[in-house]
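Notes to accompany the following structure.
Laboratory data are not the source of any read-out in this text; all were calculated from the coordinates shown. Predicted model only: the values in this text are computed from it and were never measured. Reconstructed Cβ throughout: ideal geometry from the backbone, glycine too, with neighbour counts over all protein chains shown.
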Protein chains: 2
Amino acid sequence: MTPSTTSLLTDLYELTMTQAYLAHNMTGEAVFEFFVRKLPTRRNFFMAAGLEQVLSFLEQFHFSEGDLAWLEERGRFPPETLIAFRAMRFTGDVHAMPEGTVCFPHEPILRITAPLPQAQLVETRVMNLLNFQTMVASKACRCILAASGKPLIDFGLRRSHGAEAGLLAARASYLAGFAGTSNVLAGAQFAIPTYGTMAHSFVQAHRDETTAFLHIAQSQPHHVVLLIDTYDTEAAAERVVMLAPELKRQGIAIHGVRLDSGDLGAHARKVRHILDRGGLEETTILASGNLDEERIEALVTSGAPIDRFAVGTAMTTSADAPYLDCAYKLQEYAGRPCRKRSEGKATWPGRKQVYRRLGPDGRLAQDTITVEGDTLPGRPLLRQVMEGGRRLAPSPSILEIRDRARLALSELPDTLGQLDQAEPYEVRISGALERLAQQADRYT
Amino acid sequence: MTPSTTSLLTDLYELTMTQAYLAHNMTGEAVFEFFVRKLPTRRNFFMAAGLEQVLSFLEQFHFSEGDLAWLEERGRFPPETLIAFRAMRFTGDVHAMPEGTVCFPHEPILRITAPLPQAQLVETRVMNLLNFQTMVASKACRCILAASGKPLIDFGLRRSHGAEAGLLAARASYLAGFAGTSNVLAGAQFAIPTYGTMAHSFVQAHRDETTAFLHIAQSQPHHVVLLIDTYDTEAAAERVVMLAPELKRQGIAIHGVRLDSGDLGAHARKVRHILDRGGLEETTILASGNLDEERIEALVTSGAPIDRFAVGTAMTTSADAPYLDCAYKLQEYAGRPCRKRSEGKATWPGRKQVYRRLGPDGRLAQDTITVEGDTLPGRPLLRQVMEGGRRLAPSPSILEIRDRARLALSELPDTLGQLDQAEPYEVRISGALERLAQQADRYT
């Protein structure tokens, strides 16, 4: 029973509502859409991510015998419900924006069309997967935009919210454009390049810093990145310079040094000077330590001689916005459009499509949300990816998703690509959708 | 290969450093401690949590054949390292604060004493587990303090950072004092009471609200909590009153109603009035919808007639402080005390103990961090829980941990129990520890 696939990884009400649907024969076709209600403060766009894990979840959806035995023991569900749970599979359709698509509030990122009990049962995990990866990919995009082309590496596993968060944050940031991750399992599962340097403890465990540098360099001669801030950054840089000839004799090049504390810009300048003066012009500088997009932008703008950045906690937890105001809402049941009208939480009904128009400069000009079937100028963003519970095509590789994400970021108008809050991008509601909403209101 | 136990769920540098330690025979005894450097803004204390999962991880620590095969394919590690990895188990000692202990910055929450390669290899996952649950338990404590005795339920799974985050957030909030969770898997794995109501989609899928209420009530007659804000909260409350006699005839009591949007305090007052006037004085009101400790406190202080609160995203993501500034630092190697002196990140060396003194009022008066072996007035907070890789005693039940947490919160001085930032609690450094730090500095 692994938490990532079991059907018990859900809110209890999904089970009790399904019981009631089944009891009253409410198994008609339901349409749910996942979307985000609004942008977090200082954000200008989202990047859709997590679809791959959602499709795997839907394909594998079932109650295991262990799940059923536990539910039976609890005595909360009648035998006929448990029998129905045992037979339950996901047989619906999925339309979605491909991963790596830039998107905006109220635009459906994913639509599920399935018999009501199925579409309801999968709600919690679908949201759990899409919320997290979309949140991380969106945060990672900001870091990428701030770094102006300098490579970024995910170092966030230790402060990620558990194992899966660390794993999927590595994936979401890589698809958005990060160069790789320190997370070995993410490397193994998703073919993401892995990076590693050394910890302060490694230096401390040795009697002196030079021996520590020598030891790690000899062990990993093709990947030498020395951490130089354990005691005194500039003194350590001098040690690196003194050690270089000996390592060179052994055929080992010092690929880089890493700074992890203090004023990273000031240290980078001094260290660059020490390295250059010592003939180590090829040795790069990697900066880490509580970095986020703001600090990266400040360092890049100031011209700090930093070649690469490692970003951890702030990115994998999306620290300034650690959740999205996302929803998975019933938009149609048995042919009848639905909308919620709760205060401050009203939604647009029906099956929707988003059309995106680019301007003459090749940048985003305007999106329009409309009803499915309506054809508008521009390109439609949602496509069908699953029919009758089966994928319509093999998943794109993570490299293909990276290409899409790179293109998507290049299409952002300059204002949206800045870290500061911009004038909101124009997302229109079509006349057809407005009319459908009025029609839905008449139903209730 | 499950992400939660595999040895590849780690930072690459743990593997490369271990390789170097093994190559240079640096397998002496290392002492690492986990602690938090500082309190997040507006926080006054932490609650330690996550030890149970750490101990399970350490007991099960090994490289699977799949892990080793993948590492071998990568070609980054020499055969002798992979042979050593294959034999690697955790054979060390663990000292820790019991889960449910209130603690403060710089106090060691957990200490690992083991051969250096082992103690290093487990770093990433140990931090990943302790950071997350300590963070969530600490946030949950604030909600509990704000609720002044009213029950709280975790509804956060959908916006938790992945599967494990949802699962362990349910655990951490329950041990801190929450009444239960909506997360069925957490109920199954940790014997946490589960709660559920109904979603707006359930109401929308029905032609009318009354039928929806009737259907869910008949399906779960012993757990009837009706969601009444889908269209018009007060109109729905009137419907509940009208429906009650019919349900009563069927032997069904309406246990509660749930409010999920709008001005919760104002709606609760109106709904309470409608219910009472309709003879439903026993029907409780559950409030949910973007709640956090501030909003709970405001609602409780204003006297809103809300009986229970469901808290989701803000608690499970610890939204105002989605990570702790935590560290796992080498404090001693081969009998030699170590400390890191990086700017702004200096640490206290050696094996440490914390003594806590209570005042005459039974509330926390002062903590002192000292070296292990030193005996001071008060009670020591760390105890040995693992020796030679084996637990010294069966784990406490989650109910025992809840009891400890309840006692710990009752010992908080009033100032620390408030939501606002208080004068920091006094944590002294003993003379013995000061002297050890000076000694450690002479080594480097």
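Figures for the structure shown
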{"read-out": "For A:216-222, mean number of other protein chain Cβ atoms within 10 Å", "value": "5"}
{"read-out": "Stokes-Einstein translational diffusion, chain A - Kirkwood Rh over all Cα pairs, 1.002 mPa s, 20 °C, in µm²/s", "value": "89"}
{"read-out": "Value of Rg/Rh across the stretch A:234-330 [Cα atoms, Kirkwood radius]", "value": "1.18"}
{"read-out": "Viscosity 0.890 mPa s, temperature 25 °C, Stokes-Einstein D of the stretch A:58-177 from Kirkwood C-alpha radius, µm²/s", "value": "143"}
{"read-out": "Point-charge dipole on Cβ atoms (K/R +1, D/E -1) for chain B, about Cα centre, debye to 20", "value": "600"}
{"read-out": "Estimated [θ] at 222 nm from DSSP helical runs (n ≥ 4, -39500 (n - 2.57)) normalised by residues in chain A, nearest 500", "value": "-12500 deg cm²/dmol"}
{"read-out": "Point-to-point label distance, A:Glu294-A:Ala334, nm (Cα→Cβ direction, 7 Å offset)", "value": "5.3"}
{"read-out": "Rounded to 10°, Cα long-axis angle of helix A:163-176 versus longest principal axis of chain A", "value": "80"}
{"read-out": "Ascending list, in nanometres, of distances separating the B:Gly262 label from those of the other copies (7 Å, Cα toward Cβ)", "value": "6.0"}
{"read-out": "Label point 7 Å beyond Cα along the C-beta direction, distances from A:Thr415 to other copies (nm, shortest first)", "value": "4.9"}
{"read-out": "Straight-distance crosslink candidates among lysines, where the alpha carbon sits under 25 Å from A:Lys38 and sequence neighbours closer than 8 are dropped", "value": "A:Lys139, A:Lys329, A:Lys340, A:Lys345, A:Lys352, B:Lys139"}
{"read-out": "Which of A:Trp348, B:Trp70 has the fewest Cβ neighbours within 10 Å, and the rest in rising order", "value": "B:Trp70, A:Trp348"}
{"read-out": "Simple label model, 7 Å out from Cα along Cβ direction - B:Glu281 to A:Ala346, nm", "value": "4.0"}
{"read-out": "P(r) weight above 39 Å for the protein assembly as shown, C-alpha pairs, percent", "value": "42"}
{"read-out": "Dipole axis of the stretch B:296-444 (+1 Lys, Arg; -1 Asp, Glu on Cβ), positive-most option in B:Tyr355, B:Val300, B:Gly389", "value": "B:Gly389"}
{"read-out": "Inter-copy separations for B:Asn25, label at 7 Å along Cα-Cβ, nm, ascending", "value": "8.2"}
{"read-out": "The stretch A:22-41 residues near the modelled A:Ile83 label - backbone nitrogen below 17 Å, point 7 Å along Cα→Cβ", "value": "A:22-26"}
{"read-out": "Of every Cα-Cα pair in the stretch A:69-120, the percent that sits beyond 12 Å", "value": "73"}
{"read-out": "Between helix B:12-23 and chain B: long-axis angle, C-alpha atoms, 0 to 90°, nearest 10", "value": "20"}
{"read-out": "Normalised per residue, the volume of the convex hull around the Cα set of the stretch B:336-428 (Å³)", "value": "168"}
{"read-out": "Label-point separation in nm, B:Met242 to B:Asp307, each point 7 Å along Cα→Cβ", "value": "2.3"}
{"read-out": "Alpha carbon centroid spacing (whole Å) that separates the stretch A:44-108 from the stretch B:162-229", "value": "17"}
{"read-out": "Debye, to nearest 20: dipole size of the protein assembly as shown, +1 on Lys, Arg Cβ, -1 on Asp, Glu Cβ", "value": "0"}
{"read-out": "Helix A:233-249 vs. chain A, principal-axis angle (Cα, 0 to 90°, nearest 10)", "value": "80"}
{"read-out": "Cα pair distances of the stretch B:1-115 binned at 10 Å [whole percent]", "value": "12, 37, 31, 16, 5, 0"}
{"read-out": "D_trans [Stokes-Einstein, Kirkwood Rh over alpha-carbon pairs] for the stretch B:148-316, 20 °C, 1.002 mPa s, µm² s⁻¹", "value": "131"}
{"read-out": "Student exercise, the stretch B:148-316 dipole from Lys, Arg, Asp, Glu Cβ charges, in Debye to nearest 20", "value": "300"}
{"read-out": "Whole-angstrom Cα spans of the stretch B:274-334 along principal axes, big to small", "value": "74, 19, 18"}
